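A quick write-up on the structure given underneath.
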Amino acid sequence: MGGRAVHQLSVSAAYGDAIGNEVMQIRDALRARGYTSDVFVELVDPRMASEVRPYQEYLEVADPDNIVLLHYSIGSAVSRLAREIEDRLVLIYHNITPAHWYAPYTFTVARDCAAGRIELASLRERTALGLGDSEYNRQELEELGFEPTDVLPLLLDLSNLDGPSDPSVLARFDDDRPTWLFVGRVVPNKCFEDIIRAFAYFQHYINHRARLVIVGEHRTFAPYYDALQELADSLNVDGIHFAGHVTNAELRAYYAVADAFVCMSEHEGFCVPLFEAIHKGLPVFAFDSTAIPYSTNQGVLLFEDKDPATIAETIATVLADRATHEALLERQRRALRSVDPTRVLAALLEHIDALQSKA
């Protein structure tokens, strides 16, 4: 290795989020391997300030012998820096939501997403290796002309789901009412309207006591959130709870009280909450779109269309039939084992060692 460095560049390393956790795991594994390794970011979470460095400082350590892992999920000053330096670049692509999902609600976010996709293509000639954290993401890189490419699943850290559950959430929701759950920001590409329509059918025709819990920040896209409220009213459905942003203890409680995890998203680069639900032993029902069939190795129950009756009746059948329920859970456990973090880290280190051997 000759003391060479392998550093990481990321827009941010937010405390507790999926990419932030991955960045820290990679850094620790590289250091254990004997590489010099630091993390350079544009946006610094105060809770992570001692773990990362401002991206401008990368110029102090830049060297053509270095390898730089660029975590890419949006265009930024960090990715523009990566294009300018001479260090060998490995792109880890987490995908960018297409702008059309956001355009009706916020011009700024839509503009940034569109610009990010344009900027991604500009990194093609600079990139020694393109890694998508799902086969869907890898295919996007290949279509843009990146070569070589491979799949490196997102490094999961599900330890935040192990521990005590919030007692106030349990006191409110731990009962015999059938409970659907989805975890994720309330943004248009996740198609919460389709969950609500299927849930309305379930509540009207299968179990009127059913409820739907949606955990995730819902203030950023307030017009979309308001439209969901109006949809629920028009369908004459109640029992929908928007929990907002929650603590880890509250999140554990919501997973504990749920009976089914339902995802109708039409754009995902990986979708960590699916694996959280698998880890917590919930049957997972999802729309067959973008990265979901790839990242889960088709281990969850996938819907090819969004007919509310089909979705609701299928969920009811799985919940009622013990053998079908257990068969689905076993498929899901296999899917979770396929993205074991130890195997993912080993694959990344092999890629890095191979690049170092070519130096």
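The values are calculated or read from the model by the stated rules, or taken from the named source; none is laboratory data. Treat the numbers as computed from the prediction; the structure is a model and nothing was measured. Here the Cβ is made from the backbone with ideal geometry for all residues, glycine too, and neighbour counts use every protein chain on show.
Below is a table of values for the structure above.
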quantity	calculated
Filter result for R47 (closer than 19 Å to L154 by Cα, basic (K, R) and part of a helix (DSSP H, G or I))	no
Count of residues meeting criterion [over 16 Å from the mean Cα position of the chain (by Cα) and of a type outside the set (D, E)] in the range 286-314	12
Every pair of residues 6+ apart whose Cβ atoms lie under 6 Å, when the first sits in the range 48-68 and is in the same structural domain as R31 (by TED's automatic domain parsing) while the second is of a type in the set (K, R)	D65/R4; I67/R88
The range 170-218, subset of a type in the set (D, E, K, R) and touching a strand residue (DSSP E or B) at 6+ places or on another chain (Cβ under 8 Å), residue surrounded by the fewest Cβ atoms within 10 Å (Cβ to Cβ)	R177
Cross-chain or 6+ apart pairs with Cβ under 7 Å, the range 158-170 first and assigned to a helix (DSSP H, G or I), then among the charged types (D, E, K, R)	L161/R252; L161/E276; L161/K280; V169/E250
Any hit, the range 223-235, residues being out of contact with any strand residue (DSSP E or B) (no Cβ under 8 Å at 6 or more places or on another chain), modelled with pLDDT under 95 and either in a strand (DSSP E or B) or at negative phi (or both)	yes
Within the range 251-265, tally of residues that are within 13 Å of L181 (Cα to Cα) and either of a type outside the set (A, V, I, L, M, F, W, C) or in a helix (DSSP H, G or I) (or both)	8
Tally, over the range 248-266, of residues that are over 23 Å from A312 (Cβ atoms) and crowded, with 21+ Cβ neighbours inside 10 Å	3
